[in-house]
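Below is one structure, written out as structure tokens; comments come after it.
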Amino acid sequence: GRKQHIAANVDQIMIVMAVKPPPTRDILNRYLVSAEHESIDPILVFNKSDIDSQVFINIINQYEQLGYQVFKTSNKDPHTIDAIKPLLKDRTTVIVGQSGVGKSSLVNGLLPGVNAKVGDLSENSRLGRHTTTNARLFHFPSGGDLIDSPGIREFGLWHLEPEKIIDGFHDFEPWRFECRFRDCKHQQEPGCALQDAVQRGDVHRQRFENYFNIYHALLAS
Ligand code: GDP
Ligand code: ZN
């Protein structure tokens, strides 16, 4: 439960997820809410694409449809990593992700020669060890910085008001201002346009539930 600052003055956040260990939408959505609040551009990187997983592909497609910048990478295929490089030029990017998703391998791919320590996945998850413990700043020879952050198990939004969380859910925007009551909390109120959108399938139910999980967790903290 320790709180720790990771980085300051960043332009964009590269959120790395992998087939293994599988991402939880909760952590991804927390990153996205935080990025939105700080006006940081998110880049979603789905790593280990060399491992087949339909569940993973469904998640990728969903976030692509939501309009996020999405990359599928494999550290076994350098071309997939090269595709990210133009986005990092002349910008300060913080790279985040659960331990074991391949973040260190990705940093090595993006910055040959830095030798970020690649850990053993099973050892990482079983012992709860992090291969990276301190944030590190790397410079791209052609311009731009990359900040590698410690493996984060839980990403808190302790600096945010619960009422701000919804701003990070862009897909709610067309509906959430159309409710009968101006101060609608989108829970049990009649005439809630957001709930209607969920019923119709215009808003993904999982995103809606995820929003409330984050909202209530923050209310309780
Ligand atoms: P980190 O904890 O996020 O920094 O992850 P590491 O880079 O240390 O990698 C964790 C494990 O995943 C290591 O065993 C890597 O060899 C493996 N790994 C990393 N990237 C990939 C990938 O793209 N595909 C596959 N199949 N394994 C990978
Ligand atoms: Zn409502």
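The values are calculated or read from the model by the stated rules, or taken from the named source; none is laboratory data. What you are looking at is a predicted structure, and each value in this text was computed from that prediction instead of being measured. Heads up, the Cβs are rebuilt from the backbone with ideal geometry, glycines too, and the neighbour counts pull from every protein chain shown. These accessible areas exclude ligands, DNA and RNA; they are computed on the full protein's heavy atoms, side chains included. Shrake-Rupley method; radii C 1.70, N 1.55, O 1.52, S 1.80 Å.
Quick look at the values:
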{"quantity": "Charge sum, other residues only, whose C-beta stays under 11 Å from residue 45's C-beta, Lys/Arg counted +1 and Asp/Glu -1", "calculated": "+3"}
{"quantity": "Computed accessible area, residue 216, all protein chains, 1.4 angstrom probe, square angstrom", "calculated": "80 Å²"}
{"quantity": "Gyration tensor verdict on region 1-112 (Cα atoms; rounded if a/c is under 1.5, prolate if a/b is larger than b/c, oblate otherwise)", "calculated": "rounded"}
{"quantity": "Hits among aspartates and glutamates - C-alpha to C-alpha of residue 89 under 15 Å, sequence gap 8 or more where chains match", "calculated": "11, 41, 145"}
{"quantity": "Violating pairs (Cα-Cα greater than 24 angstrom) within the set 76/103; 48/85; 20/185; 72/103; 20/76", "calculated": "20/185"}
